[in-house]
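> Mind looking over this structure? Questions follow.
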Amino acid sequence: MIDPILLFFVFPLVTIVFAIALENIFDNPFLVASIVFAIFLIVTFTAFTVDFLIYAIAYSILALVTALIYRTIQNLINRLDNLDNNGNNNRK
């Protein structure tokens, strides 16, 4: 039996942090989700039972959603920064 704290708190938090880091490196949310799924797939068959595969899929979806949200926020910040820089250059 897998500890519920590990399933519902530790793995999701690690997945979110790892997804943000991978999104910074690769800049591709689907690649991030694939890497997370591959890691959890290896963990499924080495440390846990096949029942953990459901959690691996859920964590991959969480990684995809996290990477997409992070990418959207980064794009908004970049656009706002570009608008601010363009406004400052016109005032001189």
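> Any residue in the stretch 1-27 that is surrounded by fewer than 18 Cβ atoms within 10 Å (Cβ to Cβ) sitting within a Cβ distance under 7 Å of a residue that is outside any helix (DSSP H, G or I) and at pLDDT below 95? List the pairs, counting only those 6 or more apart or interchain.
That search, which allows pairs on different chains as well, returns Ile2/Phe48.
> Any residue that is in contact (Cβ under 8 Å) with a residue 12 or more places away in the chain, surrounded by 10 or more Cβ atoms within 10 Å (Cβ to Cβ), on the phi < 0 side of the Ramachandran plot and part of a helix (DSSP H, G or I) - is there at least one of those in the stretch 79-86?
Going residue by residue through the stretch 79-86, those that are in contact (Cβ under 8 Å) with a residue 12 or more places away in the chain are none.
For the stretch 79-86, residues in contact (Cβ under 8 Å) with a residue 12 or more places away in the chain, surrounded by 10 or more Cβ atoms within 10 Å (Cβ to Cβ), on the phi < 0 side of the Ramachandran plot and part of a helix (DSSP H, G or I): absent.
> Something else now. Quick check: is even one residue across the stretch 36-59 outside any helix (DSSP H, G or I), among the aromatic types (Phe, Trp, Tyr) and touching a residue at least 12 places away in the same chain (Cβ under 8 Å)? Can you show your working first?
Restricting attention to the stretch 36-59, the residues satisfying the condition of being outside any helix (DSSP H, G or I) are 47-51.
Now restrict to residues that are among the aromatic types (Phe, Trp, Tyr): 48.
Those still in the list that are touching a residue at least 12 places away in the same chain (Cβ under 8 Å) too: 48.
For the stretch 36-59, residues outside any helix (DSSP H, G or I), among the aromatic types (Phe, Trp, Tyr) and touching a residue at least 12 places away in the same chain (Cβ under 8 Å): present.
> Return the residues of the stretch 30-47 that are surrounded by 15 or more Cβ atoms within 10 Å (Cβ to Cβ) and within 16 Å of Met1 (Cα to Cα); say none if nothing qualifies.
Hits for the stretch 30-47 are Val43, Thr44.
> Exactly one condition in (1) under 23 Å from Ala19 (Cα atoms); (2) at pLDDT below 95 is not met by Ile73; state its number.
Failing condition for Ile73: (2).
The values are calculated or read from the model by the stated rules, or taken from the named source; none is laboratory data. Every value quoted in this text rests on a predicted model; they were computed, and no experiment measured them. Cβ atoms come from the backbone with ideal geometry, glycine included; neighbour counts cover every protein chain shown.
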